[in-house]
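The values are calculated or read from the model by the stated rules, or taken from the named source; none is laboratory data. All of these numbers come straight from a predicted model, not from anything done at the bench. Positions of Cβ are backbone-derived with ideal geometry, glycine not excepted, and every protein chain shown enters the neighbour counts. Please note that ligands, DNA and RNA were not included when accessible areas were found on the heavy atoms of the full protein model with its side chains. Shrake-Rupley method; radii C 1.70, N 1.55, O 1.52, S 1.80 Å.
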Amino acid sequence: MNPRRNLPVLYAIALLQGMVFYAPIASLYRQAAGLSLSQIALIEGASYLFCLAMELPWGMLADRIGYRRTMIACCGLYFLSKVVFWRAERFSAFLLERLLLSAALAGYSGVDESLIYLSCGEGDGHRAFGLYDAFGTAGLLLAAAVYSLCIGERYRLAALVTAASYAVALLLSLLLVEVRPRSRADAPTLRGFARLLRRTLRARRFLAFLLGFALFREAMQMVTVWLSQNQYLRCGMGASAVGVAYLAVTLLSLAGALSKRLTDALGEQRFAAACYLLAAACCTLLCVARAGWLSVLLVGLAAAAGALLRPYAATLCNRRADAALRATHLSIFALLQDSAAAASDLAFGRAADFSLNAALLLCAAACLAGWLYTRAAQNER
């Protein structure tokens with residue numbers, strides 16, 4: 001069968017799994033069930049550690065059983081996590097939900113990218129990554145609109161509809177076709193993993209790119225999700241205006257679909273530089289911005305820069321990945337990036353405790369570091 005048929009299926013899955021109808025009230029949902037903020041933070045920390053622990057085993061398993069079967073298994077875990085979330089009423093149930101979700105996320109890491117990359121070929125991979133990311137963002141926007149217009153304070157209904165959306169995604173995953181037949185010679189081993197790890201650690205410039213992009217990715221997450229809300233309040237924006245700002249920023253994240261076109265127009269080096277420097281400039285200007293509309297624009301442009309750069313980074317990683325053990329190699333990349341991200345989150349958090357501007361300036365510095373490391377990796381090729 002033609003592997004290109006995987007692309008519309010993967011786009012549809014991304015759209016459906018982006019439709020988390022309870023996203024606007026995820027914290028309130030848990031608190032309404034009796035969880036405290038400290039318990040929510042404890043669950044988040046445990047799930048993050050579990051995701052890191054599962055990253056490499058999932059990558060090696062995917063190279064052994066195939067990417068199609070791995071995607072189906074992960075879609076199944078995703079669906080189970082949403083069912084548990086819908087029915088959860090105790091700490092243990094919410095913890096189970098996050099562990100199931102972490103297992104699914106770890107399994108997805110590298111496998112969905114491998115399916116996309118091998119289904120369309122290297123030349124179209126960048127464009128396909130951008131569309132895949134954009135469909136996920138579109139699902140999030142659609143779900144937020146439906147929640148605001150139809151669901152409101154019916155929290156359990158929001159969770160039930162989300163579970164239904166993930167059930168359809170699971171059914172669609174059955175339509176995927178395997179992109180590459182497996183052979184015993186290609187089966188992942190600990191020796192093969194060690195070889196890939198050594199190769200990655202020796203490629204110092206590309207390793208710097210991985211760590212630099214991880215810093216940039218976490219900086220954009222910090223600015224667009226957490227620091228932005230404090231910035232809006234500093235500008236005197238009310239709760240309803242903050243909600244509108246969230247939708248506007250999410251809408252600008254659809255810019256990821258243009259990543260390939262802009263890269264072709266500007267060239268890889270200038271495109272990457274534009275994204276990193278735009279994000280750094282936005283973080284810096286937010287320190288002095290006191291108008292609500294300007295703050296929303298700056299946060300939205302930073303979100304757009306992050307959305308544009310993600311497909312490009314995925315393309316670079318897939319170019320470097322070992323063809324025989326692609327999922328394992330991509331899992332190594334992800335593990336290294338997640339480790340850097342965990343350390344950077346601590347630094348961003350400490351800076352935010354000191355002042356909002358200190359955190360914004362640290363995010364700007366992370367963007368500049370990412371640009372320098374990426375330029376070094378580009379010059380190495």
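Yes or no, residue by residue, for (1) part of a helix (DSSP H, G or I); (2) open to solvent by less than 50 Å² (accessible area, probe 1.4 Å); (3) at pLDDT 75 or above:
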residue	(1), (2), (3)
Val177	no, yes, yes
Ala185	yes, no, no
Ala194	yes, yes, yes
Leu201	yes, no, yes
Leu207	yes, yes, yes
Gly212	yes, yes, yes
Met222	yes, yes, yes
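For Pro8, all conditions in the list (1) buried (at least 20 other Cβ atoms within 10 Å of the Cβ); (2) over 19 Å from the mean Cα position of the chain (by Cα); (3) not β-branched (Val, Ile, Thr) hold save one; what is the number of the exception?
(1)
Filtering segment 26-55 down to residues that are assigned to a helix (DSSP H, G or I), crowded, with 18+ Cβ neighbours inside 10 Å and of a type in the set (A, V, I, L, M), which residue is nearest to the chain's Cα centre (by Cα)?
Met54
Looking at segment 104-122 only, could you name the residues that are open to solvent by less than 10 Å² (accessible area, probe 1.4 Å) and either of a type in the set (Gly, Ala, Ser) or under 16 Å from Val20 (Cα atoms) (or both)?
Listed by number, the residues that qualify are Ala104, Ala106, Gly107, Gly110, Ser114, Ser119.
Give the residues of segment 320-343 that are out of contact with any Cys (no Cβ under 7 Å at 6 or more places or on another chain), part of a helix (DSSP H, G or I) and within 13 Å of Arg199 (Cβ to Cβ), sorted by residue number.
Correct list: Arg320, Thr328, His329, Ile332, Leu336.
Please verify whether Phe85 is aromatic (Phe, Trp, Tyr), touching a residue at least 60 places away in the same chain (Cβ under 8 Å) and surrounded by 24 or more Cβ atoms within 10 Å (Cβ to Cβ), treating the condition exactly as stated.
So Phe85 fits the description; yes.
If the requirement is being at positive phi and out of contact with any helix residue (DSSP H, G or I) (no Cβ under 8 Å at 6 or more places or on another chain), which of these qualifies: Gly110, Gly152?
Sole residue among the options that is at positive phi and out of contact with any helix residue (DSSP H, G or I) (no Cβ under 8 Å at 6 or more places or on another chain): Gly152.
Could you check segment 344-361 and list, in sequence order, the residues that are assigned to a helix (DSSP H, G or I) and open to solvent by less than 60 Å² (accessible area, probe 1.4 Å)?
Ser344, Asp345, Ala347, Phe348, Gly349, Ala351, Ala352, Leu356, Asn357, Ala358, Ala359, Leu360
Kindly indicate which of Leu325, Leu330, Leu309 is touching a Leu at 6+ places or on another chain (Cβ under 9 Å) and closer than 30 Å to Val179 by Cα.
Of Leu325, Leu330, Leu309, the one residue that is touching a Leu at 6+ places or on another chain (Cβ under 9 Å) and closer than 30 Å to Val179 by Cα is Leu325.
Which residue out of Ala307, Ala327, Ala323 is surrounded by 24 or more Cβ atoms within 10 Å (Cβ to Cβ) and either farther than 20 Å from Tyr373 by Cα or polar (S, T, N, Q) (or both)?
Ala327
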